[in-house]
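To start, the structure under review is shown below, and the notes come after it.
The values are calculated or read from the model by the stated rules, or taken from the named source; none is laboratory data. Note that the structure is predicted; figures quoted are calculated from it, not measured. Glycine gets a Cβ as well: all are built from the backbone with ideal geometry, and neighbour counts include every protein chain shown. Keep in mind that these areas ignore ligands, DNA and RNA; they rest on the heavy atoms of the full protein, side chains included. Shrake-Rupley method; radii C 1.70, N 1.55, O 1.52, S 1.80 Å.
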There are 2 protein chains.
Amino acid sequence: MNEVDITGAVCPVPLAHNEQIVMGHGAGGKMAHDLINKVFLPTFDNPALGAGDDGAVLSLPAGRLVVSIDSHVVFPLFFAGGDIGRLAVCGTVNDVAVMGATPLYLTAGFILEEGLPLETLRRVVESMKQAADEAGVKIVSGDTKVVERGKGDGIYVSTSGVGILPEGRQISGRRAEAGDAVILSGFMGDHGIAVLAARGELGFETGVQSDCAPLNHLIAAALAASENIHVLRDPTRGGVATTLNEIAKQSGVCITLHETSLPVRPAVASTCEMLGFDPLYIANEGKVLVLVPRIDAEKVLAAMRATEYGADAVLIGEISAAPQGRVLMKTAFGSTRVVDMLAGEMLPRIC
Amino acid sequence: MNEVDITGAVCPVPLAHNEQIVMGHGAGGKMAHDLINKVFLPTFDNPALGAGDDGAVLSLPAGRLVVSIDSHVVFPLFFAGGDIGRLAVCGTVNDVAVMGATPLYLTAGFILEEGLPLETLRRVVESMKQAADEAGVKIVSGDTKVVERGKGDGIYVSTSGVGILPEGRQISGRRAEAGDAVILSGFMGDHGIAVLAARGELGFETGVQSDCAPLNHLIAAALAASENIHVLRDPTRGGVATTLNEIAKQSGVCITLHETSLPVRPAVASTCEMLGFDPLYIANEGKVLVLVPRIDAEKVLAAMRATEYGADAVLIGEISAAPQGRVLMKTAFGSTRVVDMLAGEMLPRIC
């Protein structure tokens with residue numbers, strides 16, 4: 001982590017019982033060093049981080065660089081299928097991967113609230129390490145700040161990612177074209193409903209797990225199956241509806257969805273119905289939208305379905321030239337309606 | 001910023017009077033897009049950010065990559081000589097620069113508290129742009145989250161930076177050697193005292209301005225003056241004393257300071273005396289420590305003094321082989337005492 005001596009400090013140090021974050025953990029002195037030596041270094045252990053300098057020096061293969069950042073404020077910190085640590089790593093890995101790039105390195109900035117049990121931080125950090133290992137990325141630099149009780153909410157994590165974009169590959173929300181098929185990698189809304197359930201406000205059990213997952217291997221499989229993929233985008237906040245609206249506007253095309261093809265788990269559908277939500281607007285954290293010419297759609301679908309997180313991939317719609325900037329839906333009854341962007345707030349602090 | 005349509009949205013949109021941040025600004029839908037179009041895009045305007053994808057694609061000159069991240073929680077947001085925006089940009093620029101690298105690109109993640117006046121956010125963002133221009137870096141990707149009233153404190157900003165480290169250059173806290181001189185680029189403690197004064201708890205005026213500044217040009221001048229610089233480090237949290245302790249431990253050397261050479265402004269010295277603080281432990285945000293063989297010290301000093309932020313650079317100490325890992329001080333009275341690392345908390349939320 002930044003400005004920290006880590007000489008010989010890569011073995012886990014046992015935690016005292018009930019140890020908590022105090023303001024001194026953020027002051028950059030001995031306590032801050034202790035925290036890093038106890039929690040961060042033994043978990044994220046790698047040479048770049050272990051160097052103990054203000055940043056990490058990295059060697060990169062040839063290609064263009066992709067960078068991305070996300071701040072994570074999900075509440076609660078732990079939910080079925082994930083936690084803020086897994087979310088932070090996967091969110092940034094996915095943001096780099098949907099640019100068509102191979103994510104390689106992450107940095108992480110923590111804002112901790114005074115009084116946070118150190119054990120909670122350790123659980124989150126270990127979850128980050130697991131997710132990073134699964135994605136095949138390294139967490140190479142970091143920073144920790146502490147704020148007073150009531151000025152934060154346990155843990156906020158900002159993660160930044162860098163990746164390499166091979167020469168010649170061009171993936172962008174501006175590249176959607178008439179004739180493209182729209183593929184979604186699996187069921188909609190799992191993450192949003194899992195987080196909502198974890199807040200304990202539903203009054204019933206849903207059994208829904210967050211889909212929070214690193215999608216770089218799935219995306220690599222899709223890119224290997226076709227060189228003609230135009231757009232990749234992960235439908236997080238605002239859900240599939242908002243993400244497709246962004247693409248329709250960026251590319252100046254019309255996207256038409258088929259209501260009967262939209263994949264929603266029964267438990268998500270019934271929860272949404274009870275709450276008056278539409279799964280099209282619920283956040284996903286382990287799904288990707290792939291826009292590719294119709295002729296390549298079947299081979300991309302097959303490649304995606306062969307991966308762990310793409311088993312339920314389906315074709316949900318197609319692109320036409322007009323009306324520009326619109327998302328439409330062919331309903332189960334054969335009518336067509338406009339699908340707009342999320343207008344305001346639906347589920348705050350979902351990621 | 002992430003997942004946002006920005007087509008044709010690079011002209012500033014007037015703010016309505018008294019507009020505030022609400023939870024919907026963090027929901028990823030229309031309101032989030034409005035915020036980005038009103039505040040971030042017109043200010044940070046550049047092609048990588050304007051592309052509106054999930055990350056930024058960048059071309060890089062040859063060399064190794066340096067990455068760094070910092071989260072900023074300074075309280076209050078505005079203080080004499082700076083604000084959280086300038087601090088966030090300078091802090092990350094400096095972390096990359098002290099690795100010996102040329103900082104090129106930044107990403108920024110915002111955690112906003114519900115109820116924040118939009119005008120406050122705009123002031124911070126404009127200050128970030130000014131600091132980025134001064135440093136010659138671009139803010140190429142970003143993210144915004146909103147938390148409920150009382151779960152944040154106005155604005156927290158996480159910034160991540162990437163830079164290029166030329167082949168052959170090796171700057172690290174592990175490279176300090178016996179015979180090195182220790183140069184400090186100017187007065188100690190200005191930032192810490194300026195922030196403390198801005199909290200209104202001192203009961204008197206200090207007239208002290210934060211030294212918050214991008215140091216990449218100053219550092220480039222020092223590196224141009226000598227190819228033998230071993231260590232560069234900015235003494236932020238924990239001050240000069242803590243930073244030198246880190247270096248002494250990383251390199252296994254002894255650093256001896258000369259008390260009479262330590263540069264402290266009279267107003268900082270008198271404020272510290274009244275509060276029982278030692279300027280050696282007070283945070284700086286526009287200072288750098290340079291460790292270079294004694295034979296090159298004068299030319300490095302001259303090069304630093306010729307730059308805007310290095311005019312008051314002085315030689316404050318030297319390195320010897322033993323006792324390993326120690327920082328000592330030769331006092332004005334000729335005695336020697338140990339200078340330890342900051343133990344716990346001194347000034348919370350100073351950066």
**Message:** If packing is taken as the average count of other Cβ atoms within 10 Å, what order do A:168-179, A:114-125 fall into, highest mean first?
**Reply:** A:114-125, A:168-179
**Complete:** the stretch A:180-338: relative contact order from alpha carbon pairs under 8 Å, six or more residues apart, as a whole percent, is 44
**Prompt:** Considering only DSSP beta bridges whose two residues both sit in the stretch B:180-338, what percent are antiparallel, to the nearest 5?
**Reply:** 80
**Prompt:** In terms of Cα to Cα distance under 12 Å, which aspartates and glutamates are near enough to residue B:30, apart from those fewer than 8 places away along the same chain?
**Reply:** A:246, A:340, A:345, B:3, B:5
**Item:** Subset of A:129/A:151; B:38/B:138; B:129/B:151; A:151/B:145; A:249/A:330 violating a 22 Å alpha-carbon distance limit
**Value:** A:129/A:151; B:129/B:151
**Item:** 3J(HN,Hα) from dihedral phi, the stretch B:153-166, Karplus parametrisation 6.51/-1.76/1.60, rounded to Hz, x for glycine, proline
**Value:** 8, x, 9, 10, 10, 9, 10, 10, x, 10, x, 10, 9, x
**Request:** Mind checking which aspartates and glutamates have their Cα closer than 15 Å to the Cα of residue A:299? Skip sequence neighbours fewer than 8 apart in that chain.
**Result:** A:180, A:227, A:312
**Request:** Have a look at B:31, A:106, B:164 and report the one farthest towards the positive end of the charge dipole of the protein assembly as shown, computed about the Cα centre with Cβ charges (Lys/Arg +1, Asp/Glu -1).
**Result:** B:164
**Fill in**
The Cα extents of the stretch B:180-338 along the principal axes, largest first and rounded to whole Å, are 46, 35, 26
**Item:** Considering only chain A, percent of DSSP beta bridges that pair antiparallel, nearest 5
**Value:** 75
**Asked** How big is the A/B interface in buried accessible area, both sides summed, 1.4 Å probe, to the nearest 100 Å²?
**Response** 6600
**Prompt:** In nm, what does the list of distances from residue A:123 to its counterparts in the other copies look like, shortest first, when each label sits 7 Å along Cα to Cβ?
**Reply:** 4.0
**Prompt:** How much of the DSSP beta bridge set in the protein assembly as shown is antiparallel, as a percent to the nearest 5?
**Reply:** 75
**Inter-chain Cβ neighbour average for residues B:138-149, partner chain, 10 Å** = 5
**Asked** Across 10 Å bins from 0, what is the distribution of all Cα-Cα pair distances for the protein assembly as shown, in whole percents?
**Response** 3, 16, 26, 25, 16, 9, 4, 1, 0, 0
**Complete:** Expected vector for the stretch B:222-231, Karplus 3J(HN,Hα) from phi with 6.51, -1.76, 1.60 and θ = phi - 60°, integer Hz, x for Gly and Pro, equals 5, 5, 6, 7, 8, 8, 9, 5, 9, 9
**Asked** Rounded to the nearest 500, what is chain A's calculated 222 nm mean residue ellipticity when only DSSP H runs of at least 4 contribute -39500 (n - 2.57) each, over all residues?
**Response** -8500 deg cm²/dmol
**Fill in**
Reduced to Cα centres, the span from the stretch A:119-192 to the stretch A:273-351 in Å works out to 20
**Item:** Largest-first principal axis extents of the Cα set of the stretch B:30-85 (Å)
**Value:** 39, 34, 17
**Item:** chain B - Debye-derived log10 I(q)/I(0), Cα point model, q = 0.09, 0.13 Å⁻¹
**Value:** -0.51, -0.99
**Asked** What are the residues whose amide H is under 5 Å from the amide H of residue B:104, where those residues sit 5 or more places off or on another chain and H is modelled from the backbone?
**Response** B:162, B:163, B:164
**Request:** Can you tell me the dipole magnitude for the protein assembly as shown around its Cα centre, using point charges on the Cβ only (Lys, Arg +1; Asp, Glu -1), in Debye to the nearest 20?
**Result:** 500
**Asked** Rg to Rh for the stretch A:20-162: what is it, with Cα atoms only and Rh by Kirkwood?
**Response** 0.96
**Complete:** Length-normalised contact order of chain B, Cα under 8 Å, at least 6 apart, in percent, tallies to 21
**Request:** Note the distances from residue B:47 to each other copy's matching label point, with points 7 Å along the Cα-to-beta-carbon direction, in nm, sorted shortest first.
**Result:** 3.5
**Request:** Using a Gaussian network model of chain A whose springs link C-alpha atoms within less than 10 Å, name the residue from A:113, A:134, A:19 with the highest mean-square fluctuation.
**Result:** A:19
**Item:** Nm distances between copies for residue A:306, ranked from closest, using label points 7 Å along Cα→Cβ
**Value:** 6.2
**Message:** Rg and Dmax in Å for the stretch B:81-233, alpha carbons only: what are they?
**Reply:** 17.7, 55
**Request:** Compare the peptides B:228-241, A:320-333 by average per-residue count of other Cβ atoms within 10 angstrom and give them in order, highest first.
**Result:** B:228-241, A:320-333
**Asked** By accessible area of protein heavy atoms, probe 1.4 Å, what ranking do A:255, B:295 get, highest first?
**Response** B:295, A:255
